Structure formats: C-alpha cells, structure tokens
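**Q** First, the structure itself, so that you have it in front of you.
Just so it is clear, none of the values below were taken in a lab; they were calculated from the coordinates. All figures in this text were calculated on a predicted structure; none of them were measured in a lab. Cβ placement follows ideal geometry from the backbone for every residue including glycine, while neighbour counts extend to all protein chains displayed.
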Amino acid sequence: MFDFMMEFIWILIYTFRDVLPIIVLIVFFQLVVLKQPIPHLKKVIVGGIYVVLGLALFLMGLEKALFPIGKIMATQLSDPAFITAGGNALSNWESYYWIYIFAALIGFSTTIAEPSLIAVAIKAGEVSAGTISPWGLRLTVAIGVAFALALGTLRIVTGTPLYIYIMVGYLIVIVQTVFAPKRLIALAYDSGGVTTSTVTVPLVAALGLGLSTAVPGRNPAIDGFGLIAFASLFPIITVLGYAQFMSLKTRLSTIKKEKDAI
C-alpha cells in the first residue's frame, strides 16, 4: 500500500509539472495581455486541482489496468495453443479470427465511451438544431473504428506494409470529400481525430504492441504501431459515407414527392 501511494505521489508531481506551463500561459494572457482579473477565481483553483488529480489517477489507471489488459488479451488470443485448438495452422492468418473480432469489439466499445467524441457529438447536435443526431454520429464513428482495428490487426498478423492501407484510405477520403455534403466535411475530419483520446488510445496501443510481440515473425517497433492511425482514418470514411447516404436519401425523397405531386 505504501509503495502504491508513493507511486501515485510521484505521478501527481509529474502531472502537475506537465500541466504547469498551460496554467502559466493562461494566467499570463489573462492578467498581462488581456489585463482582466480571473473570474470565479476560487472555482478555477478548485477545478484546476480536480484536473491535476484526475489526470494523475487516469495515468495510474493506464499503468495498472488498461495497458496490462490490452497486452494480456492480445497475448492470450494469439497464443499458439488457443489458435491451433481447432486444427488450424499457426501461419494461417485466418486462424487469428478471434483477434479480429476482439479488436473490432474493443474499438466499438471504447469509441462509444470516448469523452472527446461525446463532447463533439453533443455540440454537433446543438449547432445543427437536432439535424445531426449525437447518438447516430457516435455509432457511425464507432463502426468506423471497429472496422479500422479489425483491419489493423489483420495487417499486423499478415505483416503487410502500413503505408498501403493509409494511402488507399486517404484516396477514398479525397474522393468522398469531393462528393460529400460540404457542411459535414469538417465534422467528419474532426470525428476522426477525437477517436484517438483518453479511453481508446491506451487499449489500442497495448493491443497492437501485445499482438506484434505474440505473433511469430513480427517486430513490435515496426508492426506494433499504426492501429491509432487506422482508428483516426476510417471514422472519416464512415462519417462521410453516412453524410453521402443521407444526402442521397433526401434527394430521392424529394424527387419522389415531386413525382407524386405531378
């Protein structure tokens, strides 16, 4: 217990050190540049303390829970005894299907719970006056991340180069950007960014490193990274695809109404 408390105290100190430049910058601009007093100073101080404590606890949770869980799951699911239990050859990429299923499910569930995405979805619903459903946006992004992680783990197992997937993916995004409704393009690009945040990244990073360590012939330094790039790219594709689908649906509905009116 004592060792645990000492470790948390050190993490708390390091967290405060990392947050301190942000605090100094904000206070400097507020007092020196804007020459305005800090409003609700007591609440700001209390909120700052909560932020530092929350970040320290989160970092502690990463080290003690999320990183180990991701690594353990990847190791167990790629264990030769588990894979060959059904008579499949270890070298056969199809033998790792449980890895792909797990990656897709963990990608979907962590994205649904991602605070950054929830915040963006709520704001998108507010500024669009309800036209954009926050829950619909979250589901669309989560489906994109689920597919991305399944494909990303397949890349690790097969050992194919990362740049091929990324280049093809962004070519699809470019084509979609040309034809997608302009008002949703920026939201789609932001949706790809907010998926790689506090909940998703730790598990995804641990999964990639654990899987590349467990699969024979893979190098964690070369093959272990890249899943986060997948998780950022494919939500853009799904959100733009959803926007294109809804636009087409609206257009067809308008054409049908015009024909009925005639």
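**Q** Scan the chain and note any complete DSSP helix (H) whose C-alpha atoms cover at least 24 Å along its axis and whose Kyte-Doolittle average is 0.0 or more.
**A** Those that clear 24 Å and a mean of 0.0 are 2-28, 41-61, 134-158, 162-179, 227-261.
**Q** Now, a different point. Give me the extension gain from residue 109 to residue 50: residue separation times 0.36 nm, minus the current Cα-Cα distance, reported in nm with one decimal.
**A** 18.6 nm
**Q** Go ahead and set up a Gaussian network model of the chain, Cα springs under 10 Å, then flag whichever of 190, 18, 223 fluctuates most.
**A** With Cα springs under 10 Å in the chain, the top fluctuation among 190, 18, 223 is at 18.
**Q** Mind scanning 123/249; 35/123; 182/256 and naming the pairs with a C-alpha gap bigger than 27 Å?
**A** Over 27 Å apart, Cα to Cα: 35/123.
**Q** Can I get the semi-axes of the chain's equivalent ellipsoid? Compute them from the C-alpha gyration tensor as square roots of 5 times the eigenvalues, in angstrom, largest first.
**A** Each semi-axis is the square root of five times an eigenvalue, giving 35, 34, 15 Å.
**Q** Once you've got the GNM for the chain with C-alpha springs shorter than 10 Å, pick whichever of 240, 55, 203 has the biggest mean-square fluctuation.
**A** 55
**Q** With charges set only on the Cβ (+1 for Lys and Arg, -1 for Asp and Glu), what does the dipole of segment 1-77 come to about its Cα centre, in debye to the nearest 20?
**A** The dipole of segment 1-77 has a size of about 340 debye.
**Q** How big is D, in µm² s⁻¹, for segment 1-77 by Stokes-Einstein at 10 °C and 1.306 mPa s if Rh is the Kirkwood radius over C-alpha pairs?
**A** Reported coefficient: 107 µm²/s.
**Q** How high is the FRET efficiency from residue 174 to residue 225, r the C-beta distance, R0 22 Å, rounded to 0.05?
**A** 0.35
**Q** If you don't mind, another one. What's the FRET efficiency of residue 133 with residue 9 using the Cβ-Cβ distance as r and R₀ = 35 Å, to the nearest 0.05?
**A** 0.20
**Q** Using only the Cα atoms of segment 113-194, what are the Rg and Dmax in Å?
**A** 14.6, 46
**Q** Whole-Å semi-axes of segment 157-262's equivalent ellipsoid, largest first, each the root of 5 times a Cα gyration tensor eigenvalue?
**A** Largest first, segment 157-262 gives 38, 14, 11 Å.
**Q** In nm, to one decimal, how far is the residue 158 label point from the residue 33 one, both placed 7 Å along Cα→Cβ?
**A** 4.9
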